[in-house]
Amino acid sequence: MLVERTSRLAVLAKMEDATATSAPGGFSVKLNSIPEPLRQSFTSDQGKELARHQELAAATGVRE
């Protein structure tokens, strides 16, 4: 789950499992469907599934 801090928009991404391997793909699809300015203020729960956050940043343009 990702939450945009200003509008409190919550984004859920369906994944096969909650691993660091599947998270970049699942979150990238969802984040890329949101206007770029909103992507910059998303926050996550800091779970183990975002251990590969560099890949997510590269795929979406979201700052790390």
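The values are calculated or read from the model by the stated rules, or taken from the named source; none is laboratory data. It should be emphasised that the depicted structure is a prediction, and the values quoted were computed from it without experimental measurement. Positions of Cβ are backbone-derived with ideal geometry, glycine not excepted, and every protein chain shown enters the neighbour counts. Accessible surface is based on the protein model in full, side chains and every heavy atom, while ligands, DNA and RNA are left aside. Shrake-Rupley method; radii C 1.70, N 1.55, O 1.52, S 1.80 Å.
By the scheme Lys and Arg +1, Asp and Glu -1, what is the net charge of all other residues having a beta-carbon under 9 Å from that of PHE42?
Once all neighbours under 9 Å are counted, the net charge is +1.
Would you please calculate the Kirkwood hydrodynamic radius of the chain over all C-alpha pairs and express it in Å, rounded to one decimal?
11.6
Relative contact order for the chain: what percent, with Cα pairs under 8 Å and sequence separation of 6 or more?
Once divided by the residue count of the chain, the mean separation gives 38 percent.
Summing Lys, Arg as +1 and Asp, Glu as -1, what charge do residues with Cβ under 10 Å from the Cβ of PRO24 carry, PRO24 excluded?
-1
With a 1.4 Å probe and all protein chains kept in place, how much accessible area does THR19 have, in Å² rounded to the nearest 10?
50
For the chain, with the dipole built from +1 on Lys and Arg beta-carbon atoms and -1 on Asp and Glu ones, taken about the Cα centre, which of GLY25, LEU56, VAL11 lies farthest toward the positive end?
Ranked along the dipole, the leading option is VAL11.
Over the chain, with the other protein chains present, what is the accessible area per residue in square angstrom, probe 1.4 angstrom?
Heavy-atom SASA per residue in the chain reads 66 Å².
Taking all protein chains in place and a 1.4 Å probe, what share, in percent, of the accessible surface of the chain do carbon and sulfur account for?
Within the chain, the accessible surface is 54 percent carbon and sulfur.
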